[in-house]
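Remarks on the structure that follows.
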Amino acid sequence: MCSKYSALIGIFILAFQIVQITSLAELTNLKCNSLDETFAAIEYCRIKSVNRTYKYFSVKVGLFKIPISNVTINLAAFQRLNGYKPFLYNITFDACKYLASTNKNPIVKYFHEFIIPYTNLNHTCPYNHDMIVEKVPIDFINNRLTQVLPFPLGDYALHTDMYYHGINRLKFKIYLSLK
Ligand SMILES: *[C@@H]1O[C@H](CO)[C@@H](O)[C@H](O)[C@H]1NC(C)=O
Ligand SMILES: *[C@@H]1O[C@H](CO)[C@@H](O)[C@H](O)[C@H]1NC(C)=O
Ligand SMILES: *[C@@H]1O[C@H](CO)[C@@H](O)[C@H](O)[C@H]1NC(C)=O
Ligand SMILES: *[C@@H]1O[C@H](CO)[C@@H](O)[C@H](O)[C@H]1NC(C)=O
């Protein structure tokens, strides 16, 4: 726990040294994959540009083994340098334990808060419904990335792998650019 806090403080200081200017996030790509069609199917997975200022992403995943409560998640961040290289975060956690007390894991909570107002993945286990992340606006992401905890400028990817009973069943990859 101690090391998670110091990692968070570390990135905060690092980011503050590098980024003091206003930057702008751009969603560049979104990929969703079901690795087990008997477990889950992707209904939609998209980035939409309504107009110049309103862009969002949405994901809906149908779950076929409900109710589910044995889920492990790996979050891995990448920064594009010469190809995408691991960047600061590579966290594996028990999703149900996290959801039971979200304050105990501030780093996971930091990532979760990017979708919390727009998702039904907001309650304790078990889950007995589809997973929906609906219309997360780029402005919201932008605000969190550039103000809540500033990141250095660059291209990033976040991979989210969902394991059910220890087997990787779902893969999500979101790509964004901070400039
Ligand atoms: C963009 O679309 C949103 C949602 O329809 C609307 O509220 C907003 O006024 C639009 N902005 C511009 C610049 O057209
Ligand atoms: C994350 O950490 C795990 C366990 O140490 C390792 O197996 C995996 O390759 C790492 N992933 C990345 C993207 O570095
Ligand atoms: C979770 O999200 C759903 C759908 O947006 C909402 O109806 C519900 O009130 C939220 N629950 C909590 C505990 O925030
Ligand atoms: C979750 O699944 C793993 C892998 O199958 C298993 O080892 C573990 O006992 C399960 N945990 C619970 C609480 O059922």
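The values are calculated or read from the model by the stated rules, or taken from the named source; none is laboratory data. Because the structure is predicted, anything quoted here is derived from the model rather than measured. For neighbour counting, all protein chains shown are included, and Cβ atoms are generated from backbone atoms with ideal geometry for every residue, glycine included.
Criterion applied to Phe111, Phe93 was being modelled with pLDDT under 95, touching a strand residue (DSSP E or B) at 6+ places or on another chain (Cβ under 9 Å) and not β-branched (Val, Ile, Thr), and the one residue passing it is Phe111. In summary, strands (runs of 3 or more DSSP E) completely within the range 33-135 and bearing 1 or more residues that are within 14 Å of ligand 3 (Cβ to nearest atom) occur at 55-63.
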